[in-house]
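Right, one structure below, let's go through it.
The values are calculated or read from the model by the stated rules, or taken from the named source; none is laboratory data. Worth saying up front: this structure is predicted, and the values here are computed from it rather than measured. Glycine also receives a Cβ, built like all others from the backbone with ideal geometry; neighbour counts cover every protein chain displayed. What goes into the accessible areas is simple: the full protein's heavy atoms, side chains included, and nothing from ligands, DNA or RNA. Shrake-Rupley method; radii C 1.70, N 1.55, O 1.52, S 1.80 Å.
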Amino acid sequence: QVQFVESGGGLVQPGGSLRLSCAASGFTFSLYSMSWYRQAPGKERELVATVTTTRSTNYADSVKDRFTISRDNAKNTVYLQMNSLKPEDTAVYYCNARYPNWDYWGKGTLVTVSS
């Protein structure tokens, strides 16, 4: 079955950096565009960044020039490098396919940006 295991979150000061990882299984990873999403307290889940099968990338305006998404098809893993973090980046971060054929989400990893 489809599984996502997100890791790398934590508490970081404003201006700091974190690198998130997501190990995927249960589907042919290399055939899917993959995305990172986030859900802040009291808000709906939002799309943060996408990397396509050809490694093209796109980002939400709020994270452009600060976050970088990448993928390793040999490891079935997608990454999110987050720099210049802001308090408004505080959220639970999830990975998933950009257009999933399933209704499953992992547990996510919590990122807290606070001094």
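A few remarks follow.
- Residue match in the stretch 25-39 (condition: modelled with pLDDT of 95 or more, over 18 Å from Asn101 (Cα atoms) and assigned to a loop (DSSP other than H, G, I, E, B)): no
- Meets criteria (crowded, with 18+ Cβ neighbours inside 10 Å, at pLDDT 95 or above and assigned to a loop (DSSP other than H, G, I, E, B)) for Leu80: no
- For the stretch 64-96, a tally of residues being over 26 Å from Ser25 (Cβ atoms) and without any contact (Cβ under 8 Å) to a residue 60 or more places away in the chain returns 6.
- Filtered residues of the stretch 46-77 (kept if farther than 14 Å from Leu18 by Cβ, among the polar types (S, T, N, Q), open to solvent by 50 Å² or more (accessible area, probe 1.4 Å) and part of a strand (DSSP E or B)): Thr57, Asn58
- In the stretch 102-115, the residues that are in a loop (DSSP other than H, G, I, E, B), open to solvent by 70 Å² or more (accessible area, probe 1.4 Å) and in contact (Cβ under 8 Å) with a residue 40 or more places away in the chain: Tyr104, Trp105, Lys107, Ser115
- Selected residue (criterion: farthest from Asn76 (Cα to Cα)) from residues of the stretch 1-59 that are more than 17 Å from the chain's Cα centre (by Cα) and free of Cβ contacts under 8 Å to residues at least 24 places away in the same chain: Gly42
- For the stretch 27-45, the set of residues classified as in contact with a strand residue (DSSP E or B) (Cβ under 7 Å, 6 or more places away or on another chain) and open to solvent by less than 60 Å² (accessible area, probe 1.4 Å) consists of Tyr32, Ser33, Met34, Ser35, Trp36, Tyr37, Arg38, Ala40, listed by residue number.
- Conditions (1) part of a loop (DSSP other than H, G, I, E, B); (2) closer than 19 Å to Gln13 by Cα; (3) open to solvent by 10 Å² or more (accessible area, probe 1.4 Å); (4) not charged (D, E, K, R): number failed by Val92: (1)
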